[in-house]
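To start, the structure itself, in structure tokens.
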Amino acid sequence: MANVRGVELVPCHTVAGQQKGDRTNMAENSKSAEATVLNTKVLKKLKGAFQAFDTKSDNTVDIKEIGTIFYSLGFFPTQADLQKFTSEVEDERSGYIHWDRFLPAMTKVLLEDKFPPISDELLLQAFEVLDKEKRGYLEPEELTNYMTKEGEPFTQEEMDEMLTAFTDEEKKHIYYKDVIPHLTLERKM
Amino acid sequence: MGCGLRKSEVQQKKCDRVSLSVPAATAIRAALLIQRWYRQYVARLEIRRRCTWNIFQSIEYAGQQDQIKLYSFFGFLMDHFTPASSERNLISHIFRENEICRDVEWERYFCYKSIDVPDSYTGPHLTFPMTFCGVSKLVEAFKHKQQLHARYVLQILGETWRLLRILPNISHLSSCHTKEITICGDLHGQLEDLLLIFYKNGLPSTEKPYVFNGDFVDRGKNSLEILLILFGFLLVYPNDVHLNRGNHEDHIVNLRYGFTKEVLGKYRVHGKKILKLLQKIFSWLPLATVIDHKVLIAHGGISDTTDLNVIARVDRHKYASTLRPPKMTKLAVNGSNSQTTNRRNGDAGVPVDFRRRVRSLTHHSSTPPQGLPRRSLHNLHTSHQHMNWSVDDELKKRRRLAGFDQSYGERKKPDSDSDPECEEGTETYEHEWEQMVDLLWSDPMPQNGCIPNEVRGGGCYWGPDVTEEVLGRHNLQLLIRSHECKQDGYEFCHNRRVLTIFSASNYYEVGSNRGAYIRMGADLVPHFVQYQASRTCRELTLRQSVGWTERSALQALRRQLFVHKSDLISAFREFDPNNTGIISPSHWASATESVLKLGLPWRVLRPQLVSSTKNGMVDYQEWMKELSITEPKLEISDTSLLETMYKNHSNLETIFRIIDTDHSGLISYEEFRQTWKLLSSHLKTEISDDVIANLAQSIDFNKDGSIDINEFMEAFRLVDLSAHS
């Protein structure tokens, strides 16, 4: 799925197309956020992502899926961000979010560019930071340590899956430079 | 990028190579970054997985629609043959009713005693009556891929048949605080899953009661082994092991979905007899289980007319195949069509002749039918219906029917395992039959109401309001059913009043889904255990298993596209009036959907299915060439015939197997020719005698002009699905 980020938003007054990472225009537009209408392409993407999880066909999705929906659209919210978002849009603690509340909230997210993408280079640098001795790889224990104790910790399941996917079988190391293309390749789909 | 601050910090750290420890703040930021990337990656895989899932499901259901088309074909035959036609023989051949004979005669036919077990046999030996040790031995043997000798197979099946005949239609269990009941869903011949369940949960016993909710057979390779194990435990613990019939416990469905083939392949000499006995056993399987009068367990589900009192009283064994009413009456289709009243909400037009005919027979059953055997009909309209027959009565009746009461000879018709020519209450039978079909074939839907289930061709789709009404009417609190594959092995719906449990893991493909079973104690709260068989699968990463499943789904899709080649080209041409050979992607998507009708997101799938694009447009002629698959072994000059054959090959195979009543694997040239002519007139395509003759010649003839079905069907393995094995 292509990233929604580089798409035009069509507000009531005209504006130049949004460039990736061009935040100044965004700031201007946020003034007229309420008057903004998403163009059809973006709307279709949002609708598509939403419907993929609307298992009951009643225009609601389980709040637990909000994270997945965000990621699929190319956003990188933190868990805290997600919590905040869902608490604002959840339907009276029912555990579901209705499209009617989802759409304006998502529009706001798009306009405010709340969850900007993280470039590949940054990802590389992040790994390099953890690789103190600059060996080019991380040991499974080290990675586990960081992933399960720092930031927004992984569950055991997430950790196991990551290790299975990315540990080199012979040397039992995680060669992060090789890992990164896999992670980012998915994004380009 | 908006992360300028972070970037420079990281840069600084990079320069600081002397430092050996990473400052906490930086480590946290780095970790956070990686976590967010990783979660994003997993989420994308999840979306792909869901898409793949939809592909498999829609193809599976499209295949089941084929099955009902086959039945409509038979209905067509029944209604339109003329007495003088030579086709009549073929049809009566197909529909040959079982010879009416008494159980005693059947018992003689199924007798295992004349079958000797040679010394060379290395498989397990069984002694009767069955014991726990005996069954465990059987399980071990199957684990080691041994095959049970036909003598023992017939012996177990014979005992099972005798036992099932005295069991009621609806079994009643009581929960107990010292032991939990285990409930399993579809197994579909996947022995590995059953073994995994036993490994995790323990073997069935008095302390460990089990309910198996149907669909033990078809699709998987070890349907027979699963049956033998389940029957074995049933024989040893008849009060603690409960089997519900599923829609695949049906000899006609088995012809199509692989069980018949499996049995004939494993037992070349006695397979036919085994299948015949299984046919009877299937018709005698109980229909539902109820725990504490609170939890109903049935394979498919319910409909708005479900009435457990009626179901409890039917003579279930009369319905050997639930997709066919007990008596195919020769009512003129024209007359009955006009009377069609939809007894369900929503006027979903019934496309299938077969069902229309049935409906016309039942629509006026608002008055109790006349001539009901033995019992008066309970008033169906009381608001609170409890199950108020006595189990004793039920057992007495069963014993009588099974011939234990010697006086049954006085009865007007022997109520044995024959298909009786019953004049009384055809309407009753239709009504009862409909209740059974609903129980075994229905699916839940999110919307209120109750509409015919056209996807499967049997039963209905029922909504949350129907759940509330039916459960309320019977004073039940939960319906547990199976019948539908679920990604996590189980799924609630209808406000957690309906629970689907599915126990065949990796059903569509390695890594496609988990299987699950339920453990339920006296509190009647279901607890789930999930699993996924296959060592290979466990070692796959998420990405690999998604990739694998996806590839499989795409291959299945390509096959569907190939099958509909000519229709697709016509559809594309409508968007391409100037015959340029090029159309836009959105036109490609609409055309494809209009032909295949699978309801899939074609625009999203297009990049994976079509590589021939020029400037963002689809070159459909190139693409059609790409789709062509390797030539089959048969040399057929007529490509449209090839396409027709391939499109209908599973129907063909089913028809062949029905014709081949002695299960020899051979049918005569004449039968072959007649089948083709009938099928082609039903499909409204022209197939001349010459073409059929040429076709027959290109098939390997052996033994006096008969055609080997298996060889013929082998020629249709156009696409190699084992690419990844």
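Residues to consider are A:Thr148, A:Thr107; find the one that is of a type in the set (S, T, N, Q), under 21 Å from A:Leu46 (Cβ atoms) and open to solvent by 10 Å² or more (accessible area, probe 1.4 Å).
Of the residues listed, the single one that is of a type in the set (S, T, N, Q), under 21 Å from A:Leu46 (Cβ atoms) and open to solvent by 10 Å² or more (accessible area, probe 1.4 Å) is A:Thr107.
A quick yes/no check of all residues on (1) open to solvent by 10 Å² or more (accessible area, probe 1.4 Å); (2) of a type outside the set (A, V, I, L, M, F, W, C); (3) assigned to a loop (DSSP other than H, G, I, E, B); (4) modelled with pLDDT of 90 or more:
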site	(1), (2), (3), (4)
B:Ser205	yes, yes, yes, yes
B:Gly220	yes, yes, yes, yes
B:Leu235	yes, no, no, yes
B:Gly246	no, yes, yes, yes
B:Arg256	yes, yes, no, no
B:Lys261	yes, yes, no, no
B:Leu264	yes, no, no, no
B:Arg268	yes, yes, yes, no
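What is the residue count in region B:612-626 for residues that are more than 13 Å from B:Ser584 (Cα to Cα) and charged (D, E, K, R)?
3
Considering each of A:Glu112, A:Glu169 in turn, give the residue that is open to solvent by 70 Å² or more (accessible area, probe 1.4 Å) and touching a residue at least 60 places away in the same chain (Cβ under 8 Å).
Details: A:Glu169 fails: touching a residue at least 60 places away in the same chain (Cβ under 8 Å).
None of the other options fit; the residue is A:Glu112.
Could you check, for region B:265-279, whether at least one of its residues is of a type outside the set (D, E, K, R), in contact (Cβ under 8 Å) with a residue 60 or more places away in the chain and within 29 Å of B:Val498 (Cβ to Cβ)?
Restricting attention to region B:265-279, the residues satisfying the condition of being of a type outside the set (D, E, K, R) are B:265, B:267, B:269-271, B:274-275, B:277-279.
Filter again for in contact (Cβ under 8 Å) with a residue 60 or more places away in the chain, leaving B:267, B:269-271, B:274-275, B:277-278.
If we keep only those that are within 29 Å of B:Val498 (Cβ to Cβ) as well, we get none.
Checked against the condition, which is being of a type outside the set (D, E, K, R), in contact (Cβ under 8 Å) with a residue 60 or more places away in the chain and within 29 Å of B:Val498 (Cβ to Cβ), region B:265-279 yields no hits at all.
Scan region B:470-478 and tell me whether some residue there is in a loop (DSSP other than H, G, I, E, B), at pLDDT below 95 and either surrounded by fewer than 23 Cβ atoms within 10 Å (Cβ to Cβ) or out of contact with any His (no Cβ under 7 Å at 6 or more places or on another chain) (or both). Even if it seems obvious, please write down each step before you answer.
So the first thing to find is which residues in region B:470-478 are in a loop (DSSP other than H, G, I, E, B), and the list is B:475-477.
Checking which are at pLDDT below 95 leaves us with none.
No: region B:470-478 contains no residue that is in a loop (DSSP other than H, G, I, E, B), at pLDDT below 95 and either surrounded by fewer than 23 Cβ atoms within 10 Å (Cβ to Cβ) or out of contact with any His (no Cβ under 7 Å at 6 or more places or on another chain) (or both).
For region B:131-140, check the following and say yes or no: at least one residue is surrounded by 14 or more Cβ atoms within 10 Å (Cβ to Cβ), assigned to a loop (DSSP other than H, G, I, E, B) and in contact with a Ser or Thr (Cβ under 9 Å, 6 or more places away or on another chain).
Within region B:131-140, the subset surrounded by 14 or more Cβ atoms within 10 Å (Cβ to Cβ) is B:131-132, B:134-139.
Add one more test, that the residue is assigned to a loop (DSSP other than H, G, I, E, B), and what stays is B:131.
Narrowing the set further to residues that are in contact with a Ser or Thr (Cβ under 9 Å, 6 or more places away or on another chain) leaves none.
Within region B:131-140, none of the residues are surrounded by 14 or more Cβ atoms within 10 Å (Cβ to Cβ), assigned to a loop (DSSP other than H, G, I, E, B) and in contact with a Ser or Thr (Cβ under 9 Å, 6 or more places away or on another chain).
Of the residues in region A:134-163, how many are of a type outside the set (A, V, I, L, M, F, W, C) and at the interface with chain B (Cβ under 9 Å from one of its Cβ atoms)?
9
Mind listing whichever residues of region B:159-178 are open to solvent by less than 10 Å² (accessible area, probe 1.4 Å) and either among the aliphatic types (A, V, I, L, M) or within 13 Å of B:Leu235 (Cβ to Cβ) (or both)? Reasoning before the result, please.
Kept after step one, since they are open to solvent by less than 10 Å² (accessible area, probe 1.4 Å), are these residues of region B:159-178: B:160-161, B:164-165, B:169-170.
Hits for region B:159-178 are B:Thr160, B:Trp161, B:Leu164, B:Ile170.
Restricting to region B:179-203, what's the tally of residues that are open to solvent by 10 Å² or more (accessible area, probe 1.4 Å) and not in a helix (DSSP H, G or I)?
Qualifying residue count, region B:179-203: 5.
Scan region A:48-81 residue by residue and report those that are hydrophobic (A, V, I, L, M, F, W, C), assigned to a helix (DSSP H, G or I) and either within 8 Å of chain B (Cβ to nearest Cβ) or open to solvent by less than 40 Å² (accessible area, probe 1.4 Å) (or both). Walk me through how you get there before you give the answer.
Narrowing region A:48-81 to residues hydrophobic (A, V, I, L, M, F, W, C): A:49-50, A:52-53, A:61, A:63, A:66, A:69-70, A:73, A:75-76, A:80.
Applying the additional criterion that residues be assigned to a helix (DSSP H, G or I) yields A:49-50, A:52, A:63, A:66, A:69-70, A:80.
Passing the criteria: A:Ala49, A:Phe50, A:Ala52, A:Ile66, A:Ile69, A:Phe70.
Just to verify a result, which residue in region B:598-622, among those that are assigned to a helix (DSSP H, G or I) and under 27 Å from B:Val455 (Cβ atoms), is most open to solvent (accessible area, probe 1.4 Å)?
Filtering first and then ranking leaves B:Arg603.
Does B:Ile451 satisfy being at pLDDT 80 or above, among the β-branched types (Val, Ile, Thr) and open to solvent by less than 30 Å² (accessible area, probe 1.4 Å)?
Here the answer is no, as B:Ile451 does not meet what is asked.
List pairs: first residue in region B:157-180 and of a type in the set (Lys, Arg), second residue part of a helix (DSSP H, G or I) anywhere in the structure, Cβ distance under 8 angstrom, at least six positions apart or on different chains.
Short answer, once both residue conditions are applied: B:Arg165/B:Trp284; B:Arg165/B:His317; B:Arg165/B:Arg398; B:Arg165/B:Leu401.
Name the single residue that is nearest to the other protein chains (Cβ to nearest Cβ) among those in region A:117-133 being assigned to a loop (DSSP other than H, G, I, E, B) and either in contact (Cβ under 8 Å) with a residue 60 or more places away in the chain or farther than 27 Å from A:Phe70 by Cα (or both).
Going through the qualifying residues, I end up with A:Lys132.
The values are calculated or read from the model by the stated rules, or taken from the named source; none is laboratory data. Source: prediction; values computed, not measured. Heads up, the Cβs are rebuilt from the backbone with ideal geometry, glycines too, and the neighbour counts pull from every protein chain shown. In case anyone asks, the SASA skips ligands and DNA or RNA and just uses the protein heavy atoms, side chains included. Shrake-Rupley method; radii C 1.70, N 1.55, O 1.52, S 1.80 Å.
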